[in-house]
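Below: one structure, written as structure tokens.
The values are calculated or read from the model by the stated rules, or taken from the named source; none is laboratory data. Since this is a predicted model, take the numbers as computed values, not measurements. Counting neighbours? That spans all protein chains shown, and the Cβs are built from the backbone with ideal geometry, glycine included. Side chains are part of the model used for accessible areas, which takes the heavy atoms of the whole protein and leaves out ligands, DNA and RNA. Shrake-Rupley method; radii C 1.70, N 1.55, O 1.52, S 1.80 Å.
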Amino acid sequence: MVQVTSMVDYENVDGVAVLTLDNPPVNALSQGVRQGLLEGVARAEADDTVKGVLIHCKGGTFIAGADITEFGSGPLEPDLRSVLVALDNAGKPIVAAIHGTALGGGLETALCCHYRVAVASAKLGLPEVNLGLLPGAGGTQRLPRVVGVEKALQMVTTGVPVSATEALEAGLVDRVIEGDLRTGALAFTREKIAQGGTLLRIRDREDKLQSAREHPEIFDQLRKAIARKTRGFLAPEYNIRCIEAAVKQPFDEGMKTESKLFKELMTGPQSAAQQYFFFAERQAGKIPDLPKDTVELPIARVGVIGSGTMGGGIAMNMVNVGIPVTIVEVKAEALERGLAVIRKNYENTARKGRISQADVEQRCALISGSLDLNELADCDLVIEAVFEDMAVKKDIFSRLDGIARPGAILASNTSALDINEIAAVTKRPESVIGLHFFSPANVMKLLEVVRGAKTSPEVIKTCMSLAKRIRKTAVLVGVCHGFVGNRILFYRQRQAEQLALEGAPPHQVDKVLYDFGFPMGAFQMSDLAGLDIGWNAKTSRGATVKDRLCEMDRRGQKTGAGFYDYDENRNPTPSPVAEELFAEFAAKAGISRREITDEEILERCVLPMINEGAKILDEGIAIRASDIDVVYVYGYGWPVHRGGPMHYANSLGLDKVLARLRHYHELTGDDFWKPSQYLVALAEKGDRFS
Ligand code: T1G
């Protein structure tokens, strides 16, 4: 065994040069790996006793891609492309042995081997599009030559990997290895050595390109099909152009096209934002003040109080990963309705082929319903998901405190209320926490985990770990009204309504936010959520446009009208009623209305979000700026190609953000615009949100 570099070993095993990569945690193609591959292949080529080469990895996975942490620094020799040329031009058969995930540059490396074998649990993909990039080491030119153009298009534009079985069917993998991978791969390599014959390089294959040459319309068909989902993103389109180049250009020309488009993306703001977000999402799971040896509590059974939209969605998250749930309601018909909705959701998913009917039955069987809170006595975690009213929640937690077993975690799904106040009615404040799911709870990735003043490290660690188990991205936040996401949202919504008073019709405000990249604008979002959240018909006195709309029973999509009018398919049309109300309120307030530019609308909606984010950091409600960005991308649809409000502020420059906040503060005299002291301090030092 020879150590070629610190990350690559070389061993001649009876005529097969085995290159073993060891670069934890994911065997990324760091400089030491690239150097080791290049020298290892050269050594094998020069050694006459070597008849073939096997590349495999230690640890949990085959190469998971280029080393993203190297992207910011200048190119470190040897660059990946030159390493892969050496593999591609080798005179002896090279086999890649794949386990875990062969992704990005990892799959591109495997595509420059003559053969690929994998264990059944392996996955293979080109997820660069998720980083705002495209495969920059020949993946867009080789993959279609192996799996065909349509499959390649799907893989590079979605970034979704394929299983080893799918890869075998598509010809991406030559054999699925049973038992020990290294042993099986060695035997396979010896077979190929014994077989002899001409070594066929993928770059020389043209057969899988013919169909697309005859039907070039498939490219525009795909563009049309993904237009809505990829709106505003450059990378999907650039990936398509590279696959088109593979079909229309000779291999080497296609490689030049790929390289040119890769560089354009790599130097652009979108991939910077998406690379930033890749690490931001992983940072969110790191809690600095949680002792390393904090014990994680077992969660074997969960109780959910409330079988409404949120309660049902929360329950689904748990049974999706095999955790049994007891749902408690106060009325039988509400419970039956809630259980029926859960089953209907699963059956719809099964109808789309995403789960089997057996899955539906298995998951529904894990949910039991009850009208008796005492049924939750043996739960390890109880999540309250009832009406957003503090008195109701306090009553429930006080009763629950006497029912739940000692050590059970008591969580509220409240979207804004004070967890400390709820904890105070129990004898176990150390076990009380907020688990703020986002609607629809079984779909949205974000989970705001709200730590109370007395919440214990064990409870925090257990909830952060549970989030990962139910495939959510958890962000730990502190207690304030609205925590992180909704607190920032309140500021955007207030300014959106102010803009409508001053003359920008709701649909103009919404279009600006939609064009920025949000899935919908402020007013459409309010209509979707319902204008009557927190509204009380008994006490309502028409003090705001929203109150007046609720009093007119225009409470949003659910009543067919709110800020917009809705047809039977819930398609919105601007509502004269809402616009007249804004004009009426403006007149009463002595506001002279005017045409407002889209630029002003965007600035006045986004700056308050950034400013509130800075205050949240200053108050310690969020651990880091990137956590706020994770909340906004995963909870509110902030376009990931703009990184999140705090990353966006950095890209604007905090000095500019501060100057504009001061402009509006002076113009309006309203402290709504008063810049956060923390932001002032950063801007004046020429700093950024870290
Ligand atoms: N580079 C550097 N670090 C990486 C990394 C990478 N490619 N992938 C993961 N990590 C770190 C991650 O930050 C975390 O660090 C730890 O590994 C565990 O990750 C030229 C240009 C492989 C499926 O996009 O999808 O190749 O937080 O928490 O849940 O064409 O990581 O522990 O300090 O995600 O088990 C293409 C990205 C790159 C794959 C494992 N490849 N990675 O998931 O662990 S661009 C990717 C993943 C490229 C070429 C192009 C996942 C995973 P820390 P983790 P996991």
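Tabulated data
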item: Search result, residues across segment 99-122 that are surrounded by fewer than 24 Cβ atoms within 10 Å (Cβ to Cβ) and within 8 Å of the ligand (Cβ to nearest atom); result: G100, T101
item: Helices (runs of 4 or more DSSP H) wholly inside segment 66-172 that include at least 3 residues being more than 29 Å from T183 (Cβ to Cβ) and in the same structural domain as F233 (by TED's automatic domain parsing); result: 80-88, 139-147, 149-158
item: Test: residue in segment 527-542 that is modelled with pLDDT of 95 or more, surrounded by 21 or more Cβ atoms within 10 Å (Cβ to Cβ) and over 27 Å from the mean Cα position of the chain (by Cα); result: no
item: Of the criteria (1) open to solvent by less than 20 Å² (accessible area, probe 1.4 Å); (2) within 18 Å of G285 (Cβ to Cβ), which one I601 fails; result: (2)
item: Residues of segment 402-419 classified as surrounded by fewer than 24 Cβ atoms within 10 Å (Cβ to Cβ) and either part of a strand (DSSP E or B) or at positive phi (or both), total; result: 1
item: Top-ranked residue in segment 21-35 [being closer than 14 Å to H56 by Cα and out of contact with any Leu (no Cβ under 9 Å at 6 or more places or on another chain); ranked as farthest from the ligand (Cβ to nearest atom)]; result: D22
item: Residue among V95, V16, V4, V53 that is at pLDDT below 95 and touching a strand residue (DSSP E or B) at 6+ places or on another chain (Cβ under 6 Å); result: V4
item: S439 vs. criteria under 25 Å from G485 (Cα atoms), open to solvent by 20 Å² or more (accessible area, probe 1.4 Å), among the hydroxyl-bearing types (S, T, Y) and touching a residue at least 24 places away in the same chain (Cβ under 8 Å); result: yes
item: Qualifying position, being within 24 Å of the chain's Cα centre (by Cα) and surrounded by fewer than 19 Cβ atoms within 10 Å (Cβ to Cβ), among S690, S626; result: S690
item: Every residue from segment 385-396 that is over 23 Å from G485 (Cβ atoms) and surrounded by 14 or more Cβ atoms within 10 Å (Cβ to Cβ); result: K394, I396
item: In segment 420-436, the residues that are surrounded by fewer than 24 Cβ atoms within 10 Å (Cβ to Cβ) and either among the aromatic types (F, W, Y) or outside any helix (DSSP H, G or I) (or both); result: A424, V425, T426, K427, R428
item: Residue check, R282 surrounded by fewer than 20 Cβ atoms within 10 Å (Cβ to Cβ), more than 30 Å from I621 (Cα to Cα), within 26 Å of the chain's Cα centre (by Cα) and not assigned by TED's automatic domain parsing to the domain that holds K468; result: no
item: Residue match in segment 318-337 (condition: assigned by TED's automatic domain parsing to the domain that holds S368, in contact with a Pro (Cβ under 9 Å, 6 or more places away or on another chain) and away from the ligand (no atom under 16 Å from the Cβ)); result: yes
item: Helices (runs of 4 or more DSSP H) contained entirely in segment 467-584, each with at least 3 residues that are more than 30 Å from G232 (Cβ to Cβ); result: 545-551
item: Which numbered condition R492 fails, given (1) touching a strand residue (DSSP E or B) at 6+ places or on another chain (Cβ under 8 Å); (2) among the charged types (D, E, K, R); (3) open to solvent by less than 20 Å² (accessible area, probe 1.4 Å); result: (1)
item: Those residues of segment 128-144 which are over 12 Å from L80 (Cβ atoms), within 8 Å of the ligand (Cβ to nearest atom) and out of contact with any Pro (no Cβ under 7 Å at 6 or more places or on another chain), in sequence order; result: N130, L131, L133, L134
item: Close pairs (6 angstrom Cβ cut-off, 6 or more residues apart or separate chains): within 9 Å of the ligand (Cβ to nearest atom) in segment 273-287, among the aromatic types (F, W, Y) and open to solvent by 50 Å² or more (accessible area, probe 1.4 Å) anywhere; result: none
item: Strands (runs of 3 or more DSSP E) contained entirely in segment 1-60, each with at least 3 residues that are farther than 30 Å from S73 by Cβ; result: 8-13, 16-21
item: Residues of segment 325-361 satisfying the condition of being surrounded by fewer than 16 Cβ atoms within 10 Å (Cβ to Cβ) and in contact (Cβ under 8 Å) with a residue 40 or more places away in the chain; result: V330, K331
item: Matching residues in segment 53-98 - criterion: being small (G, A, S) and away from the ligand (no atom under 13 Å from the Cβ); result: G74, A86, A90, G91, A96, A97
